[in-house]
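In what follows, a single structure is set out as structure tokens and then discussed.
The values are calculated or read from the model by the stated rules, or taken from the named source; none is laboratory data. This structure is a prediction, so every number in the text was calculated from the model and none was measured. No Cβ is skipped: glycine too gets one built from the backbone with ideal geometry, and neighbour counts run over all protein chains shown. Remember, those area values only see protein heavy atoms, side chains included, never the ligands or the DNA or RNA. Shrake-Rupley method; radii C 1.70, N 1.55, O 1.52, S 1.80 Å.
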Amino acid sequence: MARRRNLAASMGGWSARNRKTAVAAWLLFVVLSVVIGGMLGSKELKDSDMTPGESGRAEKIIEDAGVEDPASEMLLFTGTSLSAQDPAFRAAVDDVLAKVNASGVVANIRSPYTSEGAVSEDGKSALAQFDVVGEPDDAVDKLDPILDAVKAGQAAHPDLKIEQLGDATAEKWFDDTIGNDFKTAEWTAVPLALGILLIAFGAVVAALLPVVLALTAFVAASMGLLVLASRLVPTEDVTMSVMLLIGLAVGVDYCLFYIRREREERAKGRDPERALAIAAATSGRSVLISGVTVMVAMAGMMFTGLGQFQSMAMGTIIVVFTAMLGSVTVLPALLSMLGDKVDAGKIPGLGRMRRPSPDGGKFWGAILRTVLKRPLGWTLVAGGLLVALTLPALDMKLSLLPLDKELPKSEPIVQTYKNVNEKFPGGPSPAQVVISAEDINAPGFQAALADFKKRVVENPTLFTDQIDVRTFPDKNTVMLVNVPFTGADDGKSLNTLRDELVPDTFGKVEGVDAPVSGDFAETKDFNHQLDKTTPIAFGFVLLFAFLLMLASFRSLAIALTAIVLNLLSVGAAYGVLTLVFQHGYGDFLVGTDAPGAITSWLPLFLFVVLFGLSMDYHVFVVSRIREAYDKGMSTNDAVAFGVRSTAGVVTSAAVIMVAVFAVFGTLSMQQMKQMGVGLAVAVLLDATVIRAILLPAVMGLLGERNWYLPKWLGWLPQMDHGAGEDEDEVERPLREPVLAGAGAGAHGAHGAPYQAGAEYGHGPGGAYGNGQHGAGQYGSDQYGSDQYGNGGYGDLYGQGGDDVSGSSRIPRPPVG
């Protein structure tokens, strides 16, 4: 009796039968998504959505009042031979400020020689400030005339060094440099992935399919579905880059898994329809399990309560869902249309995957024989290596990196930032007290303001006296007070402001709310929020990943193993990040100087992304192992077969991911470098140390206990990991039967891979035996005498032998 097909098999079967409808529906879906998204427009995150705690409250006051802090710029004047108080120096400063004022796009100029200005302690530098008129978002468009005026002033006064820094200057630099960085990275990643796929498949059409499908999924998700979702979860610009990164990675992976299996079945001689059906039932099912696991992992970021994390979570969930949907619907339709034309455009010498090797080749076979021969030793070696790499992460320091740590030291904007901060500590990024009051002109409030200024000035150890008060026309309920720190102890300065100065002054005026914000305050509030919510996010991801693996494979050991191995992968990535970016070991290899800390948002982001992506490989490999086990192989043989048969596709997928992520490690910003290096290292370790050594070693060590399921969980549904009855099995001539005992020896009933005819010997029991590979493809007794045996293992999909190995039923795993 035929077994009921799984969901992936049903979807793939329908698409293959209705291929024109499936392809047309996918194209219509992509086009409609883009059109509707373009008509609606996305809803963007507000600053208050991205800022937690007291800093978030400050942003909310500004937003609710309908005011915006204008884009502010500063000019640092440093004399090469003149002091700041020299009349010639002062005349030059006045002349430059006059030129800037004549540009017509500035307001509220504060000269260094007024009460609001500043002269450095050493008397050699002066700092002038001004605002750019209009909306802060439009300030960059008005920057050119200001830059021209400063350039003219510099030319007129060569004895002064004039440096400019501010909101508009920094935004322009980011737009020009970082924007180009991202564009270069995003569009380098696609050709890189295509090039690796060409090498892997050896055919142009087969290589193009995953890239085209991944890109169309990204377009539909980012330009259409994300726009709709932004009504519930507002989005930000960086979400698009993350979606491309993750969408390309999983989209290519899913297609690679699917196409690889279909081509493998065709190489065995199956007709196109049956090969596609098997791929849908096996790799398609793995894609569904993996996709759901990745989406659950990404959903962990929703628990942070931070808008930027929630935006990235929503974006990645959408793009993974879209890539998964395309892989199990339109991909089978395209493969059905193309048939063997999927191999069109063959590239000479690159046909390794064109003729897939069921045993994974000699290289992987040699590794697995060694690992499975001594599983305990290799478990300790591989596990010990990953634990050793994890240990440095115990000392990981987190921070929202300041500008001089975030950007390359050679950049002029970084040099200016350092010079301003050196001459005027706290000047580039002061604390900001955002005040909401019933009337800021009321006598009681003005008395509190005067008292606050007095107390700040009386504490020169923590604060400078360059207090800047901002008010807004026609707004008598809001005021901004900027208070620069000296840099002696920023933590103590912030606590003094929040816990003493503000409560003792503004806090005593009825109806006044005065939260303290600023760069340092936002960093502290951000880290505090992450400290509270990260354990919840971790727990959610671990729990649901465990439950999904338990339900999918009906095995307590498999679910626990998956969690532990993925935690080791993430921990090792954390450790490498700490060594490189905190302690500086090998930082020159990624073209940077170690900033001494890891950017605050990265550990949680890496955890959910790596946990999801690692499950790609794990589900794919373990599904193949379970498929072989359910067909009658022993656990050790199933492990060897599963890992060998997936080695090529896992390697290709890992190379693509490592290459794509490594591109982001070349960007200018530290946080992008850290993200790229962390992802690349984790995927590399996952595809090599974990999948090739630790996973088979642990499963070999557990043996039949891999499939243990407590009796009280016996109600979990039995899922078919194979392709069901193979009714159109290709007829193959039977090999000569092997005499009983010919393969007997150290490895008993499963044949003689290491005995009677020597490893590559000539006796009937040798691992590759005699003839092509002996009496059977893997020896006459190890897997039997058909391709994988006509008896011992039976044909992988049905017809071989009369014992349980060749029967069409699924042997029930041990329970209780």
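If you put +1 on each Lys and Arg Cβ and -1 on each Asp and Glu Cβ, how big is the dipole of the range 431-521 around its Cα centre, in Debye rounded to 20?
100 debye
In terms of its alpha-carbon gyration tensor, the range 525-650 comes out oblate; a/c meets the 1.5 threshold, while b/c is at least as large as a/b.
Annotation: amide H of GLU44 within the under-5 Å range of THR235, sequence separation 5 or more or interchain, hydrogens built in the peptide plane. Rounded to the nearest 20, the size of the Cβ-charge dipole of the range 80-186 about its Cα centre is 480 debye, with Lys and Arg at +1 and Asp and Glu at -1. For the range 247-393, the spread of Cα positions along the three principal axes, ordered from largest to smallest, is 51, 43, 28 Å. With only the Cα atoms considered, the range 104-248 has a convex hull volume of 210 Å³ per residue. Per-residue Karplus couplings for the range 311-321, computed as 6.51 cos²θ - 1.76 cosθ + 1.60 with θ equal to phi - 60°, are listed in order as 5, 5, 4, 4, x, 5, 4, 5, 5, 5, 4 Hz, Gly and Pro entered as x. Accessible surface of LYS46, taken over heavy atoms with a 1.4 Å probe and every protein chain present, rounds to 120 Å².
Sorted on the mean count of surrounding Cβ atoms within 10 Å across their residues, most packed first, peptides 342-348, 321-327, 253-259, 500-506 read 253-259, 321-327, 500-506, 342-348. For LYS142, a cut-off of 19 angstrom between C-alpha atoms picks up these lysines, skipping any fewer than 8 places away in its own chain: LYS99, LYS151, LYS172. Taken one residue at a time, the phi angles of the range 368-384 give Karplus couplings (6.51, -1.76, 1.60, θ = phi - 60°) of 5, 4, 5, 5, 6, 6, 9, x, 5, x, 6, 4, 5, 5, 5, x, x Hz. Gly and Pro are set to x.
Judged by the ratio a/c of the largest to the smallest principal axis of the C-alpha gyration tensor, the range 169-278 counts as oblate, that ratio being 1.5 or greater while a/b is no larger than b/c.
Sorted by mean Cβ packing within 10 Å, highest first, what order do the peptides 268-278, 400-410, 690-700 take?
Final packing ranking: 690-700, 268-278, 400-410.
Which of rounded, prolate or oblate describes the range 6-45 when judged by the alpha-carbon gyration tensor and an a/c cut-off of 1.5? Oblate shape, in that a/c is at least 1.5 and b/c is the bigger or equal ratio. A simple charge model with +1 on the Cβ of Lys and Arg, -1 on the Cβ of Asp and Glu and nothing else charged puts the dipole of the range 246-395 at about 680 debye relative to its Cα centre.
Here the 3J(HN,Hα) profile of the range 663-676, calculated from phi with Karplus coefficients 6.51, -1.76 and 1.60 at θ = phi - 60°, is 4, 5, x, 9, 6, 6, 6, 4, 5, 6, 4, 5, 5, x Hz, Gly and Pro shown as x. Each of ARG17, ARG260 has its accessible area taken with a 1.4 Å probe; listed largest first, they run ARG17, ARG260. Take the Kirkwood radius over Cα pairs of the range 583-725, plug it into Stokes-Einstein at 4 °C and 1.567 mPa s, and you get 74 µm²/s for translational diffusion.
The residues of the range 575-728 expose, per residue, 26 Å² of accessible area to a 1.4 Å probe. With kT/(6 pi eta Rh) evaluated at 20 °C and eta = 1.002 mPa s, and Rh the Kirkwood radius from Cα pairs, the range 220-334 diffuses with a coefficient of 144 µm²/s according to Stokes-Einstein. Each peptide among 100-108, 190-198 gets the average number of other Cβ atoms lying within 10 Å of its residues, and from highest to lowest they stand as 190-198, 100-108. Beyond a 22 Å Cα-Cα separation, which of these cross-linked pairs lie in this structure: LYS60/LYS492; LYS20/LYS268; LYS46/LYS397; LYS453/LYS492; LYS532/LYS673? Correct reply: LYS60/LYS492; LYS20/LYS268; LYS46/LYS397; LYS532/LYS673.
On the accessible surface of the range 490-565, probed at 1.4 Å, how many percent belong to carbon and sulfur atoms? Ligands and nucleic acids excluded, carbon and sulfur reach 61 percent. Structural descriptor for the range 198-318: relative contact order 33 percent, calculated from alpha carbon pairs under 8 angstrom and at least 6 residues apart. With Rh defined as the Kirkwood radius, the inverse of the mean 1/r over Cα pairs, the Rg/Rh of the range 367-458 is 1.41.
As a length-normalised measure over Cα pairs under 8 Å and 6 or more apart, the relative contact order of the range 104-171 settles at 25 percent.
Between amide H atoms placed 1.01 Å from N, distances below 5 Å from ALA84 occur with LYS124, SER125, all of them 5 or more places distant or on a separate chain. Here the range 207-336 exposes an accessible surface that is 74 percent carbon and sulfur, computed with a 1.4 Å probe and the other protein chains kept in place. Can you tally the net charge around GLY584? Count Lys and Arg as +1, Asp and Glu as -1, for every other residue whose Cβ sits under 14 Å from the Cβ of GLY584. Here the charged neighbours net out to +1. In the range 200-291, taking the dipole from charged Cβ atoms about the Cα centre, the farthest positive-side position among GLY284, VAL227, LEU213 is held by GLY284.
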